[in-house]
Amino acid sequence: MDNIAGTKSSLVWAVHLATAALVLLWVLPTIGLLVSSFRDRDQITTSGWWMSLFASEQNIVYRAGAADSQQQEGTLWVIAGNVFDGAGGEVKAFGVNSRAPSEFAPGTEAPMNDGVTGTVAENGDYRLVSPVAFEGRSPRLFVTSVTPPRFTLDNYNRVLFAEGIGRAFLNTMTVTIPATVIPILIAAFAAFALAWMEFPGRALLIATIVGLLVVPLQLSLIPLLKLHNSLGIGKEYVGIWLAHSGFGLPLAIYLLRNYMVGLPREIIESARVDGATDFQIFLKIILPLSFPALASFAIFQFLWTWNDLLVATVFLGNSADQLVMTGLLRELMGSKGGEWEILAASAFVSISVPLIVFFAMQKYLVRGLLAGSVK
Amino acid sequence: MEQLFMAMATIVIGVFGCVAYFFFSNVVLDSIYPPRGPDAGRNIARAALIRPWLFLMPALLLLAAYLVYPLFVSIWLSFMDATGDNFVGLGNYTWLLNDLKFRESLQNNILWLLVVPALSTFFGLIAAALTDRIGWGNFAKAMIFMPMAISFIGAAVIWKFIYDYRGDGQTEVGVLNALWVALGGEAQTWLTVEPANSFLLMIVLVWIQTGFAMVILSAALRGIPEETIEAAILDGASPLQIFARIKVPQIWGTIAVVWTTITITVLKVFDIVLAMTNGQWGTQVLANLMFDWMFRGNDTGRASAVALVIMIMVTPIMIWNIRNARKEMR
């Protein structure tokens, strides 16, 4: 339609550019953290993540190997090594004095105190030569170097196996799977009754469910915690499964009822004529036909329970066998506020699963959103 | 690992339990009122009166226990003291009115309510209008929609990194400070700067909610009858005019839906504030205040009173939703 209007090419360009700008704005925050999760701490604290793809220039202060590593070569004493300690890089300049840290070109011989001469090669190999044996603290070298882009998986290694993210991942799965599956079936039966059975009070029930859709969780927390404590499931997985199921039900019933109402009446009527019971109609006709709506709700509930912090904080404990990833992430933000490499990697482990689900099932998610927002 | 087995076992038990309940309750009903024999007609009618309630029973029990019952208990607790043992009348509410932190939270919440739904809907509308016109629109949509899948805590980490502050002449690695310094400013600990910090927190939620607004509004835009647009084109309207005067007025209903849905989310916002500032430096909001009194203050009376204030703010939208839903059903 818009094409018929003879859209000007300048406008088309403006649309492309504006969209690109918007997309960049929305994606860059995530990319920033993703890139940072592959950098080590020194890199994160010395240069912005947007510099990570470029070679970075750094000033290193390197203390040469200790005196006991020296070796005698003829009449001379030598300390040798590599200023990068094998990590790689390229020396642009070096110095032997903090006042002139880039006085010498790589490869040249620099005179130091007490007749010592030092040299640093382009690849970082250094050599200190002295006519007498080295004693005490070894001298410092000042190196201006260029480090190529470098990425590491160490952060992920560390958070998965040392910082408890791996365990929290399992805990989150434990919370999420039953909390997603159980409400679906319960809601499906209720939605069927509300969609295809006539009984007094039906309209009132539907209105109540629409109302319950927006009741803030905050209202339920204290009474339910008291209830769970008195039942002895205050800090148990059973408690959080029930809580998530209860909180998810209004949306589930609402979504499924709206979908089921739209199913063709003839199919259900003819099944009734053929003598099928309501139970059979539900199980053999309604449930399979409602698959898209079931999938939509399943994705919602999965994302919501996986990403939830509030319900997990209230209904589960803080111990290693109950702490979920959002809870752990919150703890890390408090205890390791400055250690971005840990935070970034942990955050990405925790959002990886929802992102995969999101990209794989986007179609159903969109469909559910369209059906679920009260029109 | 064993707890995953436990979870799986729960699923199996839960699913089979449900199916068994529905199956056997139906069998029992049919044996009490058999749909054959001399009284078949009357029996079927009677069973039809009871059967819906069999189907609804588990859902209604859960809803009653987890949403309706707590509502009344919360109202009750809000008139009780910290431990919930002694009646204090309106004590918690008079305390609320005079509490500085509560006033701050209320003000901030109102600010959030003004800013976040407006910006999210605005950006969502723009994104919807733009992405519907280009070939790679679906990719662009997916990218803008993506933050919806990220937890509030994950988003808080992402954005806290953007607002990061190093100072002391070190290189700024947070995007905001890097830009600020590049433009000639002095690096700031942004999250402690009032009142800018509240807006920085709002940006996080706008970033998350824009995708939602975009998806709904994009569907609405595509649903506009083409005749109206054709007529406008024939009358010589420019693309911008068509958008602002023809398309937008036709989707006001959907815009209102998006707006109210985001409003509800805003009223419940909690994780972002908790993780980024924990309500310090003038950024407190109601949901986090409630959490504070519940966990750190250990005062169920005050916490319930704050929760009820949130409920009262949600109520107009709730009524509006119910009225709309009833209109649609007729």
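Nothing in this text is a laboratory measurement; each read-out follows from the coordinates by a stated rule. Just so you know, these numbers come straight off a predicted model, no measurement behind them. We place every Cβ from the backbone using ideal geometry, glycine too, and count neighbours over all the protein chains shown.
Please order B:I264, A:I356, B:I153 by the number of other Cβ within 10 Å, starting at the fewest.
Details: B:I264 18, A:I356 11, B:I153 27.
Ascending number of Cβ neighbours within 10 Å: A:I356, B:I264, B:I153.
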Would you mind checking the tilt of helix A:362-372 against the longest principal axis of the Cα atoms of chain A, expressed as 0 to 90 degrees and rounded to 10? 50 degrees
Counting sequence-distant residues (5 or more places) and residues on other chains, those with an amide H built under 5 Å from that of A:L141 are A:Y62, A:R63, A:A64
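What does the charge dipole of chain B about its Cα centre add up to, to the nearest 20 debye, if the Cβ of each Lys and Arg holds +1 and the Cβ of each Asp and Glu holds -1?
Working: 20 positive and 21 negative charges, 225 e Å.
Roughly 1080 debye for chain B.
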Shielding by partners - mean other protein chain Cβ count within 10 Å, residues of B:316-329: 4
Based on other C-beta atoms within 10 Å, arrange A:F94, A:F358 from fewest to most. A:F358, A:F94
If I fit a long axis through the Cα atoms of helix B:40-63 and take the longest principal axis of the Cα atoms of chain B, what angle between them do I get, 0 to 90°, rounded to 10? 30 degrees
Averaging sequence separations of C-alpha pairs under 8 Å and six or more residues apart, then dividing by the length of chain A, give the relative contact order as a whole percent. 19 percent
Using all C-alpha to C-alpha distances in region A:157-372, build P(r) with 10 Å bins and read off the rounded percent in each one. 8, 28, 30, 21, 9, 3, 1
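Which ordering of A:V132, B:V215, B:V273 is given by a fewest-first count of other beta-carbon atoms within 10 Å?
Numbers: A:V132 11, B:V215 25, B:V273 28.
Fewest-to-most ranking of A:V132, B:V215, B:V273: A:V132, B:V215, B:V273.
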For chain B, set up a GNM with springs between Cα atoms under 10 Å and report which of B:L67, B:L54, B:L111 has the largest fluctuation. B:L54
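Calculate for chain B the 222 nm mean residue ellipticity that helices alone would give, adding -39,500 (n - 2.57) per DSSP H run of length 4 or more and normalising by residue count, nearest 500 deg cm²/dmol. Intermediate values should be presented prior to the final figure.
Working: 14 runs with 230 residues, N = 330.
After summing the helix terms and dividing by the residues of chain B, the value is -23000 deg cm²/dmol.
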In whole Hz, with x marking every Gly and Pro, tabulate ³J(HN,Hα) for region A:211-221 from phi via Karplus 6.51 cos²θ - 1.76 cosθ + 1.60, θ = phi - 60°. x, 5, 3, 10, 4, x, 3, 3, 5, 8, 4
Report the Stokes-Einstein translational diffusion coefficient (µm² s⁻¹, integer) for the protein assembly as shown, Rh taken as the Kirkwood radius over Cα pairs, at 37 °C with viscosity 0.692 mPa s. 112 µm²/s
If you plug each phi of region B:124-139 into the Karplus form 6.51 cos²θ - 1.76 cosθ + 1.60 with θ = phi - 60°, what whole-Hz ³J(HN,Hα) values come out, in order, with x for Gly and Pro? x, 5, 4, 4, 5, 5, 6, 5, 6, 9, 10, x, 9, x, 5, 5
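Would you mind giving the average projected area, over all directions, of the Cα convex hull of region B:92-329 in nm² with one decimal?
On the way: hull surface 69.5 nm².
Average of the hull's projected areas for region B:92-329 equals 17.4 nm².
Do the alpha carbons of any pairs in B:K101/B:K160; A:K363/B:K268; B:K160/B:K268; A:K284/B:K141; A:K226/A:K363 sit beyond 30 Å of each other, and which pairs? Each step should come with its number before you reach the end.
Working: B:K101/B:K160 24 Å; A:K363/B:K268 27 Å; B:K160/B:K268 20 Å; A:K284/B:K141 37 Å; A:K226/A:K363 40 Å.
Pairs exceeding 30 Å: A:K284/B:K141; A:K226/A:K363.
Using per-residue counts of other Cβ atoms within 10 Å, averaged over each peptide, order A:230-242, A:144-156 from highest down.
Values: A:230-242: 17.8, A:144-156: 15.6.
Ranking, from highest mean packing down: A:230-242, A:144-156.
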Report, in deg cm²/dmol and to the nearest 500, the calculated mean residue ellipticity at 222 nm for chain A, where each DSSP H run with n ≥ 4 adds -39500 (n - 2.57) and the sum is divided by the residue count. -17500 deg cm²/dmol
Segment B:W53-B:N86, extension gain: residue separation times 0.36 nm, minus the distance between their alpha carbons: 8.0 nm
Counting every Cα pair in region B:161-224, what percent are over 16 Å apart? 58 percent
Length gained, B:R296-B:R42, 0.36 nm per residue minus C-alpha separation, equals 85.4 nm
Let me know the mean shielding of A:179-192 by other chains, meaning the per-residue number of their Cβ atoms within 10 Å of its Cβ. 6
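Mean separation of Cα pairs under 8 Å and 6+ residues apart, divided by the residue count of chain B: what relative contact order is that in percent? All intermediate terms of the calculation are to be shown ahead of the outcome.
Values: 333 pairs, mean separation 78.0, N = 330.
Relative contact order comes out at 24 percent.
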Of B:N177, B:T261, A:T108, farthest towards positive along the dipole that unit charges on Lys, Arg, Asp, Glu beta carbons give the protein assembly as shown: B:T261
Note, ³J(HN,Hα) from phi for region A:185-190, Karplus 6.51, -1.76, 1.60, rounded to Hz, x at Gly and Pro: 5, 4, 5, 5, 4, 5
Helix A:9-36 sits off the longest principal axis of the Cα atoms of chain A, rounded to the nearest 10 on a 0 to 90 degree scale, by 70 degrees
